[in-house]
Amino acid sequence: MPSIFLLKHLINSKDNFRMGKQDGLVKRFTDIILSILILLITSPFLIISAIAIKLESKGPIIFKHERIGKDGKIFIMYKFRGMIDNALSYGPELTQVNDPRITKVGKILRRTSIDELPNFFNVLKGDMSIVGPRPEIPSIATKYDQSQQEIFKFKPGVTGFSQINGRQLLKPDERVRMEIDYYGDSNFFSDLMVIFRTISVVITNQGNL
């Protein structure tokens with residue numbers, strides 16, 4: 001049957017499983033299916049979080065922020081707002097340890113990583129993948145040297161190798177080098193390993209500020 005031959009072709013095609021193959025059918029299909037399932041399963045948390053954010057402080061429920069994606073293109077990343085409204089007017093662009101701008105609800109959302117659930121809408125749009133390099137802010141990414149710009153070959157992810165190996169405790173230069181080395185030789189099955197390890201990191205809150 002044609003469908004059987006197509007499935008066999010996908011399984012035997014190395015490019016379809018490689019992380020670096022950003023248009024790989026298996027990777028994109030997996031991103032879409034898993035994102036839909038995760039959003040459906042976590043929909044009660046999405047609704048409760050949205051209500052809690054709105055009740056505690058004024059401002060939008062969703063925080064929209066520019067990030068650098070594949071091929072160096074800027075995209076708008078979605079997160080639940082965990083800080084006071086217009087937080088960037090009262091402090092640095094990056095979150096600090098014990099940042100006073102973080103709201104009470106925001107502390108809970110960040111501790112549980114629920115604030116990142118809207119990232120899956122970015123995955124559905126094609127801006128991000130479930131597994132990939134950490135999406136960086138333009139003010140940092142524009143300072144990358146030529147070797148560091150290799151990171152732009154890969155679509156940024158909701159989670160990834162650096163997120164399970166230090167997370168926010170890593171400096172940008174060591175994180176980028178780690179990610180370039182890893183994603184240049186990763187594959188479909190290493191993506192699954194990252195996803196499974198992410199669960200443990202989220203539960204223990206490792207590397208989260």
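The values are calculated or read from the model by the stated rules, or taken from the named source; none is laboratory data. Keep in mind that this is a model prediction, so the values were computed, not measured. Every residue, glycine among them, receives a Cβ derived from its backbone with ideal geometry; neighbour counts consider all protein chains shown.
Could you tell me whether G166 is of a type in the set (G, A, S) and more than 16 Å from D31 (Cα to Cα)? Considered against the rule, which asks whether it is of a type in the set (G, A, S) and more than 16 Å from D31 (Cα to Cα), G166 comes out as yes. If you filter the stretch 152-188 down to residues that are touching a Phe, Trp or Tyr at 6+ places or on another chain (Cβ under 8 Å) and assigned to a strand (DSSP E or B), you find that the one that is nearest to R67 (Cα to Cα) is V158.
If I filter the stretch 93-115 for residues that are on the phi > 0 side of the Ramachandran plot and touching a residue at least 24 places away in the same chain (Cβ under 8 Å), do I get at least one hit? First the steps, then the outcome.
At the first step, the residues of the stretch 93-115 found to be on the phi > 0 side of the Ramachandran plot are 98, 113.
Narrowing further to those that are touching a residue at least 24 places away in the same chain (Cβ under 8 Å): 113.
Scanning the stretch 93-115, I find at least one residue that is on the phi > 0 side of the Ramachandran plot and touching a residue at least 24 places away in the same chain (Cβ under 8 Å), so the answer is yes.
Screening T112, T198, T159, T103 for residues that are under 13 Å from the mean Cα position of the chain (by Cα), polar (S, T, N, Q) and farther than 22 Å from I74 by Cα leaves exactly one candidate, T198. So, in the stretch 74-119, how many residues would count as being modelled with pLDDT of 95 or more and of a type in the set (S, T, Y)? Total satisfying the criteria: 1. Residue-level analysis places L37 among those that are closer than 18 Å to V202 by Cβ, loosely packed, with under 13 Cβ neighbours inside 10 Å and free of Cβ contacts under 8 Å to residues at least 60 places away in the same chain. In the stretch 74-84, of all residues being part of a strand (DSSP E or B) and in contact with a Ser or Thr (Cβ under 7 Å, 6 or more places away or on another chain), the one that is surrounded by the most Cβ atoms within 10 Å (Cβ to Cβ) corresponds to F80.
If we scan the stretch 91-104, do we find a residue that is β-branched (V, I, T), assigned to a helix (DSSP H, G or I) and out of contact with any Ser or Thr (no Cβ under 6 Å at 6 or more places or on another chain)?
Checking the stretch 91-104: not a single residue is β-branched (V, I, T), assigned to a helix (DSSP H, G or I) and out of contact with any Ser or Thr (no Cβ under 6 Å at 6 or more places or on another chain).
Exactly one residue out of I199, I195 is surrounded by fewer than 19 Cβ atoms within 10 Å (Cβ to Cβ), free of Cβ contacts under 8 Å to residues at least 24 places away in the same chain and assigned to a helix (DSSP H, G or I), and it is I199. When restricted to residues that are more than 20 Å from F154 (Cα to Cα), touching a residue at least 12 places away in the same chain (Cβ under 8 Å) and small (G, A, S), the stretch 69-92 contains 2. Considering (1) over 19 Å from A50 (Cβ atoms); (2) buried (at least 20 other Cβ atoms within 10 Å of the Cβ), the lone condition that E93 does not fulfil carries the number (2).
Looking only at residues in the stretch 63-85 that are within 21 Å of D145 (Cα to Cα) and of a type in the set (K, R), the one that is nearest to the chain's Cα centre (by Cα) is R67.
Tell me, yes or no, whether the stretch 127-134 has at least one residue that is touching a strand residue (DSSP E or B) at 6+ places or on another chain (Cβ under 6 Å) and surrounded by fewer than 22 Cβ atoms within 10 Å (Cβ to Cβ). Yes, the conditions are met somewhere in the stretch 127-134. Of note, D71 does not satisfy the criterion of being at pLDDT 90 or above and part of a loop (DSSP other than H, G, I, E, B).
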